[in-house]
Structure formats: C-alpha cells, structure tokens
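Structure first, then comments.
What follows is calculated from the coordinates using simple rules that are stated; it is not laboratory data. Everything quoted here is computed from the prediction, not taken from an experiment. Methodologically, a virtual Cβ is constructed for each residue, glycine included, from the backbone with ideal geometry; neighbour enumeration extends over all protein chains shown.
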Amino acid sequence: SSDLVQMWAKYMNRHFTKEDIYVAKKHMKTILVTGALGQIGSELVMHLRKTYGGSNVIASDVVKKDMPEVLESGPFEQLNVLEPQKVADVCKKHKVDTVIHLAALLSAVAERDPQMAFNINIHGLYNMLEIARENKYRLFVPSSIAAFGPGTPQDKTPQDTVQRPTSMYGVTKVTGELLSNYYFYRFGVDTRSVRFPGLISWKTLPGGGTTDYAVDIFYSAVKGEEFVCPLKPDTFMDMMYMPDALKAMTDIMEADPDKLVHRNSFNVTSMSFSPEIIYEAIKKHYPDFKIRYELDENVQHIADSWPNKLDDSCARNEWGWQPHFDLEKMTVDMIENLKRKLKVGL
Ligand code: SER
C-alpha cells in the first residue's frame, strides 16, 4: 500500500522548490487554531502555548465563549472560516506559519443538517487550503474513523483501504483527506493529519458526535446518576484520551517529513471498547453505577458503519506514534478530574 502512495506521488508530478522543503523541515513557530473553543481546540491551544509561547498561538472561533483560560493566555480572534479574507488578514497580522483547522460539525449534528455540514466542513476546509497554498502555511485538518464506511474491513482496519462512508460527516472527512493530499502533491502545501477515533476529555464537552456517549457516561457516573446509553451494549469503536490526541497532533506536525510515506491521514488509536466494556471499567470505581440502553437509531446507524478497531502501525512506524493511556488509566484520570471540576465526591 505504501507503493500505491509513492506511485500516486509520481503521477501527481511533484515538483517542490528548495524553499518548500526548507519550510517543511522547520519547527512550527506561530500557529492559528480554528475552532479553538471546541472540545479539542480548548485543550490544544493551552498545550501549544506551553511549548511555543502564549503569544505565538492564535486561538480563533466563530463565537467568543466564556473560557478565560484560553482567552487570557494569548491572542484570540473571532473568525468565521467561511470568511476567508478575514482569516487570511488575521494570519498575516500575526505572521502565522501553521494553521490547525478544527472548525467543523461532528457526525450526529451533521446528519441532522447535511447542507450546513457541507457548507462548514467543505467550504471552510477549502478556504483554509487556499490560504495555506497562497501563503505557504503548514496545515493540519483532522480526519476521523468516520472516513470509513460499511465496505471497510471492521477489524484491524488498514491504513490504506476502502473509504466509502455513508454519513455526510464521513464524506466531508474523506474529502478533507483527498484535498489535503492533493494540495501537498500538486502545490507543495505541507499538509499532515490523523484519523481521530472518539476523543474523551473532561475540560470541554464534544458537541453532537457519535462517540460522545463515552464522555457523557463519566459525567453520569461522577454525578451519581444512571447513564442512558444511546448505543447497543456491543457497539465497538476506537477511542482515545485527549492528552494522547494532543500528543498525536504535535508529533505529526513536527515529524521529519522525509520519513512520512503517508500524509492525509494516519490511522491512530489508543483503545477499542463498547458501552458494555466502558461501563464495567467505570463500575469498578462506582459499584452502584447503573446503565440503561435507550437506542438512538441515528447514532447507532452511524456507529455501525464505522470500524471496530483500527490498525495504526503506519503511524507507529513513520513518526513514532505511541499512546500513553489505556482504558483503565484513562478511567482513573477522568474520574479524578471530573470530581474536581464538578465538585462532587471529593
Ligand atoms: N467523534 C467524532 C464523532 O463522533 C468522530 O470523528 O462525530
């Protein structure tokens, strides 16, 4: 399969200038994050600011929310990714060299309003690709397990395989992968990305994803409430704890470009579980915790079309991907942090 990628590169007539290669080998310096107040963005901005300096990480989002940690630790710009001129002006003002484009709708909401999802996820993406091309910025656009579909092998899903998703969200993710690779081979834009599994975190809630249950279940447990699960007990999906996701993003963006055979996007995973399994893991800490299954057919349908467990050996081999958290470790950390956040059971 890596032969396939190399063959493609050859057919795409890549002709990089010395300058392209020089840019790709430098470290990131000034980074714009779109969707910075979302589940990933709010943690990524703080993570990046620790390494690259507060003023070198520009947080942006379409609305300004009350999130003092992000708003007060460095620049914030209210930006709509559907207004490319304004985005480009902000990038120039701050002398950006890297864009991490997180602004997008998640799978379940996208399925409720596919037209809006197309608009934000595709037009937003296109605007960022063009800005990156015009200014030679490095670009990260996350893909997802949603980029696979019913025809994909569900277990040990290979890096290079069938990608015929049936959800609008999945269609926008495959488009993101293809366009990002196209911009790399055709224009020398340094695009890199990973296919994220469900991301679990305690700081900021995800909004409208199929994997959200794996976050919500912790809130119910810590609050002492019964958890109403929208998925069947044996629905397996890949998952990852946020600290590993942050590491994946910085590692891929700082990886030696000479070692990358693939680009957009790499399979990455930390764990694969079902509602039944995560329930049992949490129950070890809360023996009275109860779960009730109340199927939401829309999310079940999306979840059924996604893989059970990815093979992420290409990420491991090409840029040293290695997760730190497994289900047990994550469960302990989530519970500790949520107790503190919600001020219960301390
Ligand atoms: N967590 C995302 C979702 O469920 C998958 O990319 O939509």
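Numbers for the structure displayed
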item: Cβ-defined net charge surrounding Thr166, 13 Å radius [Lys, Arg +1; Asp, Glu -1]; result: 0
item: Exposure proxy ranking, count of Cβ atoms within 10 Å, fewest first, for Glu328, Glu130, Glu43; result: Glu328, Glu130, Glu43
item: Under 12 Å, Cβ to Cβ, from Ile31 - net charge with Lys/Arg +1 and Asp/Glu -1; result: +2
item: Packing-based ranking, highest mean first, of 69-80, 107-118, 143-154 given that Cβ atoms within 10 Å are counted; result: 143-154, 107-118, 69-80
item: Normalised contact order of the chain, rounded percent, pairs of Cα under 8 Å and 6 or more residues apart; result: 18
item: Relative contact order (%) - criterion: Cα under 8 Å, at least six apart; region: the stretch 115-239; result: 25
item: Met271 long-range amide H proximity, modeled H, under 5 Å; result: Met239
item: Long-range HN-HN contacts of Ser144 with modeled amide H, under 5 Å; result: Phe196
item: Karplus-derived 3J(HN,Hα), 6.51/-1.76/1.60, for each residue of the stretch 158-168, Hz, glycine and proline x; result: x, 4, 10, 7, 5, 10, 10, x, 10, 9, 4
item: Helical mean residue ellipticity (222 nm; -39500 (n - 2.57) per DSSP H run of 4+; nearest 500) of the chain; result: -13000 deg cm²/dmol
item: Ordering of 237-245, 26-34 by burial proxy (mean other Cβ atoms within 10 Å per residue, highest first); result: 237-245, 26-34
item: Phi-based couplings in Hz for the stretch 234-245 (Karplus 6.51, -1.76, 1.60; Gly and Pro marked x); result: 10, 8, 8, 9, 6, 9, 7, 7, 3, x, 5, 5
item: Karplus-derived 3J(HN,Hα), 6.51/-1.76/1.60, for each residue of the stretch 178-194, Hz, glycine and proline x; result: 5, 5, 4, 5, 4, 5, 5, 5, 7, 10, x, 6, 7, 9, 9, 6, 10
item: Global geometry of the stretch 67-221, whether rounded, prolate or oblate, following the gyration tensor of its Cα atoms and the 1.5 cut on a/c; result: oblate
